[in-house]
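J.: I have a structure I would like to understand better, so I am pasting it below and will then ask my questions one at a time.
The values are calculated or read from the model by the stated rules, or taken from the named source; none is laboratory data. The shown structure was predicted, so the numbers you read here are calculated from the model rather than taken from an experiment. Positions of Cβ are generated from backbone atoms using ideal geometry, with glycine treated the same way; all protein chains shown enter the neighbour counts.
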Amino acid sequence: MNIDLSIHTDLARKILTGFIKSEITRFGFARAVIGLSGGIDSALSCALAAEALGPENVLAIRMPYKTSSPDSLVDAEKTATRFGVRMETIEITPMVEPMIQRDPQISNLRKGNLMARSRMIVLYDQSQAFKGLVVGTSNKTEILLGYTTLWGDMASALNPIGDLYKTQVWQLSRAMGVPQSVIDKPPSADLWQGQTDESDLGFTYAEADKLLFLLVDRRYSVEDCVAAGFKKEFVDQVVERIRRSQYKRMMPPIAKLSNRTVGIDFLYLRDWGT
């Protein structure tokens, strides 16, 4: 089955830059803060924010840990230079290391979560100093698969790329002139040496995106996906990941006691009262 995930990049660019500008300015802000990892997702968010707000209104922050790849720092700098944004570097090793040293048996997953959440502390602190809102960098594939850290990379004031599958992130990044070295490198959260997204997931983004498109956008059943040519084991694995990570995509549920409960009966648009 031929599954076409190509997008109209000029139209996507116009919509997403308009989204950033409207969402940031509606609350009286004019600036954005972005964690620039050296990867393609943050590079694309940076490019979109610079075009939407003007590069002088975007602060990109590199936040390396002691084991972070030097290439990631170089690629982040290339991105900041390419789009003309201000860049700062804040080392997170002194923040993370005391927690890691408390437990000699700490897993890589726990270390990664500590790093992701420490970086968000830095971003929100700098957002106050810079008087800007934090722009998210998680793509649709990661969000659906739960390949994110709650209150870490999932935290932001707005997310311009959250409805782009990873393969679509590559498409738009090429159209916007993201540095080639960033586009070509294997996707990685750079949480430990040799870590890559696809090795963690156990499948490629290209495979996942096609299946997710059928499951989510086309609302195919498991049986429909198998009939379309996907192995049932793979379909079941992806469906289970989506189901088990639903809590990451929701605000914490509130137990209902009154007539009007926040998130249940007390429901207003984001710009209510403006």
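J.: If you go through region 21-36 one residue at a time, how many are assigned to a loop (DSSP other than H, G, I, E, B) and either charged (D, E, K, R) or at pLDDT 95 or above (or both)?
T.: So the answer is 5.
Condition check ((1) exposed (fewer than 13 other Cβ atoms within 10 Å of the Cβ); (2) in contact with a strand residue (DSSP E or B) (Cβ under 8 Å, 6 or more places away or on another chain); (3) at negative phi; (4) among the β-branched types (Val, Ile, Thr)) across all residues:
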{"position": "Lys14", "(1), (2), (3), (4)": "yes, no, yes, no"}
{"position": "Lys21", "(1), (2), (3), (4)": "no, no, yes, no"}
{"position": "Ile24", "(1), (2), (3), (4)": "no, yes, yes, yes"}
{"position": "Gly54", "(1), (2), (3), (4)": "no, no, no, no"}
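J.: Take the residues of region 56-109 that are among the basic types (Lys, Arg) and modelled with pLDDT of 95 or more: which is farthest from Arg174 (Cα to Cα)?
T.: Arg102
J.: Taking region 247-263 as the search range and keeping residues that are among the aliphatic types (A, V, I, L, M) and surrounded by 10 or more Cβ atoms within 10 Å (Cβ to Cβ), which one is nearest to Thr149 (Cα to Cα)?
T.: Ile254
J.: Take the residues in region 37-49 that are out of contact with any Pro (no Cβ under 7 Å at 6 or more places or on another chain) and not in a helix (DSSP H, G or I); name whichever of them is surrounded by the most Cβ atoms within 10 Å (Cβ to Cβ).
T.: Looking at the filtered set, the residue picked out is Ser37.
J.: What number of residues within region 181-197 satisfy the criterion of being modelled with pLDDT of 75 or more and touching a helix residue (DSSP H, G or I) at 6+ places or on another chain (Cβ under 9 Å)?
T.: Qualifying residue count for the region: 6.
J.: Is region 179-186 home to any residue that is aliphatic (A, V, I, L, M) and under 18 Å from the mean Cα position of the chain (by Cα)?
T.: yes
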